[in-house]
Amino acid sequence: MLFDLQFSTTAFVVACMRLALVTSVSLHILLTKRNTSSAIGWIGVCVLMPFFGTALYLMFGINRVTRLAKKLVGDRTAHRQDGADLSSWNRELDGQFAPLALMVGKLTTRPVVGNNSITCLHDGDGAYPHMLNAIENATKSIFLCSYIFRHDTSGQLFADKLIAAHKRGVHVRVLVDGIGSGYFLSPTYRYLKRAGVPCARFMHSLLPWRMPFLNLRNHRKILVVDGSIGFMGGLNIADDNLVARKPCNPVSDTHFQIEGPVVHQLAQVAAWDWYFTTGEQLNRDLFLQEHAGNGASLARIVTAGPDTDLEKIEYTMLQAITLSRKSIRLMTPYFLPGARFLSELGLAALRGVQVDIIIPLRSNHRPLDWACAANISPLLDTGVRVWHANPPFNHSKLMVVDKAWSFVGSSNLDIRSLRLNFEINMETYDVAMAQITDDFICQHRNHRLTHYDLDKRNSLTRIRDSFARLFMPYL
């Protein structure tokens, strides 16, 4: 009898704890989650597994980056200090893309700046010599941020140049991602630290409750030297990017060398990332000097991340698609956008815009290819043309609208890049650059994907692809 009473009391206490956990977590989810699918999924996990589900939610479901960003937003504003005259955002722009320039200006609080010189560089073979030369000739400051920074031949060369610059008195800062450049071990990070170079790992911790989310990564690739010359795009630092040397797993990519006022915006993003990670405010006279330029490009930096920059890159692309009249070219290594993005592309095609999407014949992540195959059929129905690019795997992220506006950088066309990662892109209002980029994209239209290609998959392959599609937000 006594045992039964004790058992009943324990069961009642456990039931009350389950109810309290489910109620409190569900209320938090309802108040903080914008995405309904995510909210429903987390509530379901917590209802089915109150204790384990709550633990998972506390570790992986709460976006602490947003909370930290709001806490530091005042410092971020102080970091920028663009001196931007809001009325001047659209001063040099009129015609078709004037509404886009105005919208992105309000979205990012950064102005379009002119007199920039932008050079397109392909693969590590084309980009690394320019980047290394800039590091070697630095006199004041170097900031390097890379998602992947391998400790192979290429990485060793970059690290040695950075160490040499540090020893001759240049102020060097290196930021690598806490997962992309090695989670348990990061050889390049340790090598630079041992040499005395200030180096940090973005959002890294071996303690799971201190990792805000495995997908919240710094995917940006930035190099700024003396505040006057910058590099950005999709290129990591690894031997795989030296395509001409025929590595085992070649990765082709596109990077951009920039000179002119827009480099200041690039440096500000780098300074914020460093401050976000380390708490150190970089010296403005060393890292954030403004330099005039003599180029012909109008440009602006657009950032996105799970903090106060949420979805800004996607919003920019959506607005550009809406304003398109003749053509949209997209080149991306992974194509897994959300329904909103797919709908805008389909509507553009239906109104007569020629929409071309170029994806690799085979990427370096097979599950993403499977999910893409299950997700792309509705686009073909609207007349969007999807093309496979022949090997080697191309990691470029490029967009051109009407051969007049370009959007390039680090962001892939998948939910993880558009909503979860810290990304950086650059928009340019430059017909000459748009034409060059458009031509490059079109050169990779090697094999057109058709309904026949999708329909000839066997049943097991379709099931596999459809199952992979369920994990789109995390691939």
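The values are calculated or read from the model by the stated rules, or taken from the named source; none is laboratory data. Small disclaimer: the values here were computed from a predicted structure and weren't measured. So basically every Cβ, Gly included, is an ideal-geometry build from the backbone, and we count neighbours across all protein chains shown. Accessible surface is based on the protein model in full, side chains and every heavy atom, while ligands, DNA and RNA are left aside. Shrake-Rupley method; radii C 1.70, N 1.55, O 1.52, S 1.80 Å.
The residues of the stretch 93-141 expose on average 40 square angstrom of accessible surface per residue, using a 1.4 Å probe on protein heavy atoms. For the stretch 383-400, the Karplus equation 6.51 cos²θ - 1.76 cosθ + 1.60, evaluated at θ = phi - 60°, returns couplings of x, 5, 9, 10, 10, 9, 8, 5, x, x, 3, 9, 9, 5, 10, 9, 9, 9 Hz by residue, with Gly and Pro reported as x. Near the amide H of His291, within less than 5 Å, lie the amide hydrogens of His264, all on another chain or at least 5 residues away, with H placed in the peptide plane.
Accessible area of Leu48 (1.4 Å probe, protein heavy atoms only, ligands and nucleic acids ignored): about 140 Å². Based on protein heavy atoms only, the stretch 299-432 ends up with 28 Å² per residue of surface accessible to a 1.4 Å probe.
Largest accessible area first, the residues Arg416, Arg150 order themselves as Arg150, Arg416 under a 1.4 Å probe with ligands, DNA and RNA left out. Think of it as helices only: each DSSP H run of n ≥ 4 in the chain is worth -39500 (n - 2.57), and spread over all residues that comes to -13500 deg cm²/dmol at 222 nm. With 21 Å as the limit on Cα-Cα distance, the pairs of Lys33/Lys312; Lys221/Lys312; Lys106/Lys312; Lys140/Lys312; Lys106/Lys326; Lys221/Lys397 that go past it are Lys140/Lys312; Lys106/Lys326.
Within the assembled protein chains, the solvent-accessible surface assigned to Met203 is about 30 Å², based on a 1.4 Å probe.
Which of the trypsin sites (Lys or Arg not before Pro) found in the stretch 436-475 are in a DSSP loop and have at most 11 neighbouring Cβ atoms, other than their own, within 10 Å? Kindly include the intermediate steps, with their values, before the conclusion.
Values: sites: Arg445, Arg448, Lys456, Arg457, Arg462, Arg464, Arg469; in loops: Arg445, Lys456, Arg457.
When the trypsin sites (Lys or Arg not before Pro) of the stretch 436-475 are filtered for loop state and at most 11 Cβ neighbours within 10 Å, Lys456 remain.
Each residue of the stretch 363-369 was assigned a 3J(HN,Hα) from its phi angle through the Karplus expression (A = 6.51, B = -1.76, C = 1.60, θ = phi - 60°), giving 8, 8, 9, 4, x, 5, 5 Hz with x at Gly and Pro.
Identify, among Leu235, Phe341, Ile179, the residue whose Cα sits farthest towards the positive end of the charge dipole of the chain, taking +1 on the Cβ of Lys and Arg and -1 on the Cβ of Asp and Glu, with the dipole about the Cα centre. Value computed over the given set: Ile179. Residues whose amide H lies under 5 Å from that of Ser327, counting only those 5 or more places away or on a different chain, are Gln354, Asp402; hydrogens are built 1.01 Å from N in the peptide plane. Ranked by solvent-accessible area (1.4 Å probe, protein heavy atoms only, all chains present), the residues Ser459, Ser297 order from largest to smallest as Ser459, Ser297. Determine the share of the chain's accessible area contributed by carbon and sulfur atoms, expressed in whole percent, with a 1.4 angstrom probe. So the carbon and sulfur contribution to the accessible surface is 59 percent. Can you return the aspartates and glutamates within cross-link range of Lys403? Criterion is Cα-Cα under 17 Å, with same-chain partners fewer than 8 residues away left out. Cα-Cα hits under 17 Å: Asp94, Asp356, Glu427, Asp430, Asp438, Asp439.
Quote the relative contact order of the chain in percent (integer), defining contacts as alpha-carbon pairs under 8 Å separated by 6+ residues.
Values: 917 pairs, mean separation 72.8, N = 475.
Relative CO of the chain lands at 15 percent.
For the pair the stretch 382-404 / the stretch 284-356, the C-alpha centres are spaced 14 Å from each other.
Once backbone amide H atoms are built at 1.01 Å from N, Leu413 has Tyr334, Leu336 as its partners under 5 Å, excluding neighbours fewer than 5 places away on the same chain. Restriction of the trypsin sites (Lys or Arg not before Pro) in the stretch 12-53 to DSSP coil positions whose beta-carbon has at most 13 other beta-carbons within 10 angstrom yields Arg34. Where both bridge residues fall in the chain, DSSP classifies roughly 65% of the beta bridges as antiparallel. Looking at (1) 90, 57, 51; (2) 119, 60, 39; (3) 67, 57, 48, which value of Cα extents along the principal axes in Å comes from a calculation on the structure shown? The listed entry that was calculated here is (1). For the stretch 447-453, 3J(HN,Hα) computed residue by residue from phi via the Karplus equation (6.51, -1.76, 1.60; θ = phi - 60°) reads 9, 7, 7, 10, 4, 4, 4 Hz, glycine and proline entered as x.
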